[in-house]
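Down below is the structure, laid out as structure tokens.
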Amino acid sequence: MGSIDSLYDKVKRFVIEFTSGKGTSSAMTGYMTGELQTVAFIMILASFFRIFSVPLGIVLLAAVVGALFFFGPMIKAMERENSSGLNRVLFWVMIYFAVIIAVTLWG
Amino acid sequence: MNESISNLWSIPLFIIIPILAAILLNVLYSRKRAISVTAVVSSLALIVVSVLSPFGFHWFTGQPAVLPTGGYTYRADLLGWNLALEYYYGPLQQIAIFLASVLLLFVVLIAINSLKKNTGTYISLLFLTFMSAAIVIMVNDFYHLWIGVEIGSLIVAGVVLATGEAVSQKAALKYTFFSALSGAGLAIALALILGVTGYANISDAIIAMPLNDASLASVLYVAFGFTVLSWIYAGGLAPIHPLKADVYGSAFPHATILLQTQSKLMLVAIGLVILRLFGTLPFAKEVMLSVSVLTMMIGVVMAMLQTDFRWTLAYLIVSHSGLVTLGISLGTVQGIIGGLFQAVNDVVYMSVLLLACEGIYYFGRGTSIKTVSGIAKRAPWLAVAAIIGAFAASGVPPFNGFQSEIILIQASLNYGMPELAIVVLMVSVTTFIALFKGIYNIFLRPDDAPQAGEKQGMPVPRMLYVCLAALIFITILFGVYPQLAINFLNEAALKVVYIPWVP
């Protein structure tokens, strides 16, 4: 009984983490589909590294799968990072620009 | 030197007509009938000029190009130093400007019907939006490229501000702030290229590009980085996408039609310039591909989270910008054709969805999927239009989105990147889910009982249905007969890949 209760509690906590406030069915569907989409997307991104080295791609893919189980759900964090706050956008623009210059200059 | 000067009469008209219309409309201010006549006649004139114009160049400085042998020529297809600030009007420009001017006409007609005050000023901004897009798609020199992007971003802020809501003022302010950043970045990039090559003309700069000079490589890379930054900004790619989505979401839906058209044309124009200038640099295409993939995925995931149909569309427009740039970034003929065709289709089917969204407004309860329901019962044709738009955006045959997405998938597979094909498929499927989440709730869910004192709305104007019918016709036409559009895009793709110095 105890183990069933705790599993139920874990699932409930996991689901509640998807959305804050009143989770209507439409909003909840969106967040859950978004989470699945993000997971699939990050796995595909990891698999891109096979271009440089196949073993590197496999290791990254395995690491990403592990990280997704550990850190999920990520959709709230993704929503937060994609807000239109000026500071946050400016931060990401600087990161992007630094990466673009670094990759092209030293790549 | 028997050739005649090819200073096309039509090219200045694409700039002069919108400017004159904008000045006149501002003067007319709120004289509704005079505004209607001026705006409609000007839009029709732009459509007629885009159809009748032959292909060719317009040189502002007017001197002939200098041949490597020492002679002179006015033929742009010959290898020579053009030295001119020039515009080019070819098949790509024709279909882009024709579509943009048709959309301008529709937007103007709807704005005249729906706006009660400041109509002249608002419609003049719409004309200037068209003008900035026309400049950028025709330009073949750095000065006009920079001016087009700068003017375009300022006008976007004006169009968004015109809604008068607090959210739109915030969106416009943030967007303008970044305009300063990326506009300055583009100016630096152009200054660096000018310094390295000595030419302001893009064709000349490509020929003079010191790609094998290791001492100048870092300068080129920094110029590339700044040009990509302006591309990201002008097109609303990640990480600027939240600001662009704010802009799309907080403008009137009919104005968003022109804003997204302008963005797509800028994405195409600047993307092709980047490919022509930096396409042979190591990692250039990879950087462009990465930005495209991130934009596609983040845009579509964010669209899933929205509970307002306007914002769902705003994020989908961003996401589908990634589809356009994906094709261009591949740098192959098939990929570029796919990207350009996607841009054309995207502009059309998103306009269908945005007009359907505009129609929802007339029922008086906004566009939130939580508060609006049962619209299909009151406006069945609006529901049909929204569903057709959603099918086209999701790449369902026989609509136009299917044709361009299948080309992009084939191009990705032929490029040796099946992962990209999977991403395109994922974006299509998620677009379908995101759109039908909104369409079900707004159109198909049974209507809640109206509350006492609730705003009852007003009838949807007949003009909106006429515009929707015309756009749906184009959606199906390009879906059934894609070659009709592709014939206009082949030349541009071939030139970029094989003779990049020719505009």
**OP:** Sorted from largest down, give the three principal axis spans of the alpha carbons of chain A, whole angstrom values.
**Re:** 58, 39, 21
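Just from its helices, what would the mean residue ellipticity at 222 nm be for chain B, if runs of 4 or more DSSP H residues each count -39500 (n - 2.57) and the sum is divided by every residue, rounded to the nearest 500 deg cm²/dmol? Let's see the in-between values first.
On the way: 19 runs with 361 residues, N = 503.
Using -39500 (n - 2.57) per qualifying helix, the result is -24500 deg cm²/dmol.
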Original post:
Is any residue of segment B:475-494 close enough, with backbone N under 18 Å, to a label point placed 7 angstrom from the Cα of B:Val384 along the Cα-Cβ axis, and if so, which?
Top reply: B:475-477
Original post:
Excluding the sites themselves, what is the longest stretch of chain B that contains no trypsin sites (Lys or Arg not before Pro) in a DSSP loop with at most 10 other C-beta atoms within 10 Å?
Top reply: B:118-503
**OP:** Divide by every residue of chain A the summed helix terms, -39500 (n - 2.57) for each DSSP H run of at least 4, and state the resulting mean residue ellipticity at 222 nm, rounded to the nearest 500 deg cm²/dmol.
**Re:** -26500 deg cm²/dmol
Subject >> 3J(HN,Hα) from dihedral phi, segment A:44-49, Karplus parametrisation 6.51/-1.76/1.60, rounded to Hz, x for glycine, proline >> reply: 5, 4, 4, 5, 4, 5
**OP:** Report ³J(HN,Hα) in whole Hz for each residue of segment B:243-251, in order, from the Karplus equation J = 6.51 cos²θ - 1.76 cosθ + 1.60 where θ = phi - 60°; Gly and Pro get x.
**Re:** 5, 5, 5, 4, 4, 5, x, 9, 7
Subject >> Lys/Arg +1, Asp/Glu -1 at C-beta; chain B dipole; positive extreme among B:Tyr349, B:Ser10, B:Tyr415 >> reply: B:Tyr349
Original post:
Per-residue mean of other chain beta-carbon atoms within 10 angstrom of the beta-carbon, peptide B:215-227?
Top reply: 3
**OP:** Quick one: which residues, 5+ away or cross-chain, put their amide H under 5 Å from the amide H of B:Asp308? H built at 1.01 Å from N.
**Re:** B:Ile369
**OP:** Once you have a ≥ b ≥ c as the square roots of the Cα gyration tensor eigenvalues for the protein assembly as shown, tell me rounded if a/c is under 1.5, and otherwise prolate or oblate according to whether a/b is larger than b/c.
**Re:** oblate
Original post:
In whole percent, what relative contact order does chain B give with Cα contacts below 8 Å and a gap of six or more residues?
Top reply: 14 percent
**OP:** Enumerate the lysines that B:Lys437 could reach by cross-link, defined here as Cα to Cα under 17 Å, with residues fewer than 8 away along the same chain left out.
**Re:** B:Lys370
Subject >> Cross-link reach list, lysines versus B:Lys32, counting only Cα pairs under 17 Å and skipping chain neighbours closer than eight places >> reply: B:Lys116, B:Lys117
Original post:
From the backbone phi of segment B:259-265, what are the Karplus-calculated ³J(HN,Hα) couplings (6.51 cos²θ - 1.76 cosθ + 1.60, θ = phi - 60°) in whole Hz, Gly and Pro given as x?
Top reply: 4, 6, 5, 4, 4, 5, 5
**OP:** Name all residues of segment B:86-129 having a backbone nitrogen under 19 Å from the label point set 7 Å from the Cα of B:Arg33 along its Cα→Cβ direction, giving them as ranges.
**Re:** B:109, B:112-120
**OP:** For B:Ile16 paired with B:Ile151, estimate the spin-label separation in nm (one decimal), with each label point 7 Å from Cα along the Cα-to-Cβ line.
**Re:** 1.4 nm
**OP:** Compute the length gained on full extension between B:Val41 and B:Thr61: take 0.36 nm times their separation in residues and subtract their Cα-Cα distance, giving the result in nm to one decimal.
**Re:** 4.1 nm
**OP:** Report, ordered by chain and residue number, the lysines lying within cross-link reach of B:Lys170, taken as a straight Cα distance under 19 Å and ignoring same-chain residues fewer than 8 apart.
**Re:** B:Lys244
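Residues of segment A:2-106: accessible area per residue at 1.4 Å, in Å²? All intermediate terms of the calculation are to be shown ahead of the outcome.
Values: 6430 Å² over 105 residues.
Per residue, segment A:2-106 has 61 Å² of solvent-accessible surface.
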Original post:
Could you give the nm distance between label points at B:Val396 and B:Lys170, where each point is 7 Å from its Cα heading toward the beta carbon?
Top reply: 3.5 nm
**OP:** Would you mind computing, in nm to one decimal, how far apart the modelled labels at B:Trp9 and A:Glu79 are, each placed 7 Å from Cα along Cα→Cβ?
**Re:** 5.9 nm
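The values are calculated or read from the model by the stated rules, or taken from the named source; none is laboratory data. If you're wondering where the values come from, they're calculated on a predicted model, not measured in any experiment. Here the Cβ is made from the backbone with ideal geometry for all residues, glycine too, and neighbour counts use every protein chain on show. Just so you know, the surface numbers come from the protein's heavy atoms only, side chains and all, with ligands and any DNA or RNA stripped out. Shrake-Rupley method; radii C 1.70, N 1.55, O 1.52, S 1.80 Å.
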